Amino acid sequence: MNEKEATVKTHAEVPVDQQSFRASMGAVATPVSIVTTSIHAPHGTTVSAFASLSLDPPMVLVSLQNDSDLLGLISQSGRFGLNVLAFDQAGIASTFAKRGLDRFEGVDWVLDQGVPRIAGIASWAACRVVDLIPGGDHTIVTGLVEGADSADVAGLVYQHRRFGHFTPVEPAA
């Protein structure tokens with residue numbers, strides 16, 4: 001075995017501790033979204049782990065906790081909505097992050113292409129589930145985007161356990 005293989009093997013056998021990993025990932029600014037679905041009623045949860053996956057065909061991925069009720073509902077419905085929140089929707093993000101309450105109470109929304117779409121968001125996508133991929137304590141849900149829209153508004157981001165928004169800076173000369 002060469003030195004490179006030994007280093008890789010050693011690192012794989014001793015993963016980083018959860019606290020260090022959480023702090024490292026917390027330093028990364030991520031967009032905040034509400035992932036939704038509908039089976040007899042609207043359902044949704046706050047998610048910061050999502051990404052565009054493909055342009056051709058248009059696809060996204062979201063990461064949901066394995067014990068999430070929403071994961072089971074999305075699996076049943078075969079559809080989900082990706083509501084990327086606007087900079088002034090931190091209250092909605094906090095509400096949808098809590099368990100045991102009616103998250104849609106007091107929230108303006110409509111059913112659009114079979115999934116709940118929250119009013120005032122920065123961008124939106126209606127998706128059909130393509131695959132569910134296990135990933136540790138989460139499941140990656142890939143979706144084919146069947147409808148999308150956006151508004152000319154700053155999105156909400158989350159970094160260092162705080163909400164904020166993107167501020168452009170001029171490149172150095």
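Ellipsoid semi-axes for the range 30-160, based on the Cα gyration tensor and the rule √(5λ), read 19, 17, 15 Å when sorted largest first. Once backbone amide H atoms are built at 1.01 Å from N, T45 has V35 as its partners under 5 Å, excluding neighbours fewer than 5 places away on the same chain.
The H on the amide N of L53, modeled in the peptide plane, is under 5 Å from the matching H of M59, V60, L61, each at least 5 residues off or on a different chain. What Kirkwood hydrodynamic radius do you get for the range 11-106 when you take the inverse of the mean 1/r over all pairs of distinct Cα atoms, in Å? One decimal place: 15.1 Å for the Kirkwood radius. What's the longest bit of the chain with no exposed trypsin sites (Lys or Arg not before Pro), using DSSP loop states and at most 10 other Cβ atoms within 10 Å as the test? Longest gap between qualifying sites, sites excluded: 1-97.
If you count, for each residue, the other Cβ atoms within 10 Å and average over each peptide, how do 107-115, 70-78, 52-60 line up from highest to lowest? Before the final figure, lay out the partial values.
Values: 107-115: 16.1, 70-78: 17.7, 52-60: 13.6.
Highest-to-lowest ranking by the protection proxy: 70-78, 107-115, 52-60.
How big is D for the range 57-96, in µm² s⁻¹ as a whole number, if Stokes-Einstein is applied with the Kirkwood radius of its Cα pairs at 4 °C and 1.567 mPa s?
Numbers: Rh = 12.2 Å.
The calculation lands on 107 µm²/s.
At a threshold of 8 angstrom on Cα-Cα distance, excluding pairs fewer than six apart, so keeping six or more, what relative contact order does the chain reach in percent? Computed over the chain, the figure is 25 percent.
The phi torsions of the range 145-155, fed into the Karplus equation with coefficients 6.51, -1.76 and 1.60 and a -60° offset, translate into couplings of 7, 9, x, 8, 7, 8, 10, 8, 9, 5, x Hz, rounded to whole numbers, with Gly and Pro shown as x.
Computed about the Cα centre, the dipole magnitude for the chain is approximately 280 debye when only Lys and Arg (+1) and Asp and Glu (-1) carry charge, each at its Cβ. Under 5 Å between amide hydrogens, which residues at least 5 positions from G155 or on another chain qualify, with H placed 1.01 Å from N in the peptide plane? The list, which skips near neighbours in sequence, is F87, F166.
Read-outs throughout are calculated quantities, based only on the coordinates presented, and are distinct from any laboratory measurement. Predicted model only: the values in this text are computed from it and were never measured. In this analysis, Cβ positions are derived from the backbone assuming ideal geometry, glycine residues included, and neighbour counts consider all displayed protein chains.
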